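The values are calculated or read from the model by the stated rules, or taken from the named source; none is laboratory data. Just so we're clear, the structure is a prediction, and the values are computed from it rather than from any experiment. Every residue, glycine as well, gets a Cβ built from its backbone with ideal geometry; the counts of neighbours run over all protein chains shown. When the accessible area is computed, the model is the full protein with side chains, heavy atoms only, and any ligands, DNA or RNA have been set aside. Shrake-Rupley method; radii C 1.70, N 1.55, O 1.52, S 1.80 Å.
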Amino acid sequence: MSVEFCGLELAHPIINGSGTFDAIAARQAFGDELLEHFPFAAYVSKTITLRPRAGNPAPRLWETPAGLINSIGLPNKGLDGYLNEDLPKLAEITAAAAARAPAELGAGRPVPLITNVMGASAEELSELVQACDRRAEIAAIELNVSCPNVATGLDIGADPLQLEAVVRAVRERSAKPLIVKLTPNTADVAACARAAERGGADAVSLINTLRATALAPRTRAPWLGGGTGGLSGAAIRAVALAQVAAVAARLAIPVIGMGGVQSSAHARELLDVGATLVAVGTESFRDPAAGARIARGLR
């Protein structure tokens, strides 16, 4: 079950999607049981920005018949708050999880910590990446250029020429593996993936959520406080499978596939079309142990 990914040895191919599993809150809720059954072979942080963000106004969630629309808006403590407060806690959790994992989930294997960052420009992203590069606790960095709730992220990720230039500028600031999280909200996601590869990305991840909206039942006005949000869950699984297949066919670097994964069969499909790793997102809201369940199913 072990997987080599960008120089990192992982116990199995299941990780989390950024922002879909709060390991700090999960430990507060479940205690040391979380450490003994940690769901993921590597842990991806929620998105970090240079300055603190409060996120979008409420309401932030809308359930669809086969998915979830979120308009959370990337709330976080900012770079300094993350490095000084959250990073030490996450490093402690992942180290303890590696030491206490059961044999079928890779007992003793490290659980690398991947930090997801987002900026509105190459300069902002470079500052974030350089700060992360200095911290030994961080094994790899993921660039969020695809969040549909933040206009600047979508613009960077949807334009191959701009994306290549940004990745090339950021690449110089770190020797750590660099993952680019692509947007699905573009005419040619494979072209954007190739641009990220040309810019120096070590891997790409996809798909992020699809842009969506919902109307309040009585007023018919937008329900979500941010107006629009991102659709995830089973509703996007077929789209994810098609886009991951298209990207994997054109790249030489590894691909992290995600989108609507609820079972080991869904994860297997993404691996079959070329993904190296599979990320679980919305399913963890329903079942916090989904990652471990899916990894065991693959085994």
Report task. Go through region 1-20 and give me each residue that's over 18 Å from Asp202 (Cα atoms), out of contact with any His (no Cβ under 9 Å at 6 or more places or on another chain) and part of a loop (DSSP other than H, G, I, E, B). Result -> Ala11, His12, Gly19, Thr20
Report summary line: With the first residue restricted to region 21-35 and required to be assigned to a loop (DSSP other than H, G, I, E, B), and the second required to be of a type in the set (Phe, Trp, Tyr), Cβ contacts under 7 Å at 6 or more apart or on different chains are none
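Looking only at region 176-186, how many residues end up being without any contact (Cβ under 8 Å) to a residue 40 or more places away in the chain, crowded, with 20+ Cβ neighbours inside 10 Å and not aliphatic (A, V, I, L, M)?
Residues of region 176-186 that are without any contact (Cβ under 8 Å) to a residue 40 or more places away in the chain, as a first pass: 180, 183, 185-186.
From the residues that got through so far, the ones that are crowded, with 20+ Cβ neighbours inside 10 Å too are 180, 183.
Still in the list and also not aliphatic (A, V, I, L, M): 183.
Residues that pass the stated criteria total 1.
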Report summary line: Ala41 vs (1) surrounded by fewer than 19 Cβ atoms within 10 Å (Cβ to Cβ); (2) assigned to a loop (DSSP other than H, G, I, E, B); (3) of a type in the set (A, V, I, L, M, F, W, C): all pass except (1)
Query raised in the report: Hey, among the residues in region 145-183 that are among the hydroxyl-bearing types (Ser, Thr, Tyr) and at pLDDT 85 or above, which one's nearest to Ile114 (Cα to Cα)?
Result: Ser174
**Report entry** Where a residue in region 246-275 is free of Cβ contacts under 8 Å to residues at least 40 places away in the same chain and its partner, wherever it lies, is assigned to a loop (DSSP other than H, G, I, E, B) and surrounded by fewer than 20 Cβ atoms within 10 Å (Cβ to Cβ), with Cβ under 9 Å and at least six apart
**Finding:** Ala248/Val273; Ala248/Gly274; Ala248/Thr276; Gln262/Asp287; Ser264/Arg299; Val273/Ala249; Gly274/Ala249; Gly274/Leu251
Report summary line: Note on region 70-87: residues within 17 Å of Ile114 (Cα to Cα) and open to solvent by less than 40 Å² (accessible area, probe 1.4 Å) are Leu74, Asn76, Gly78, Leu79, Gly81, Tyr82, Leu83, Asp86, Leu87
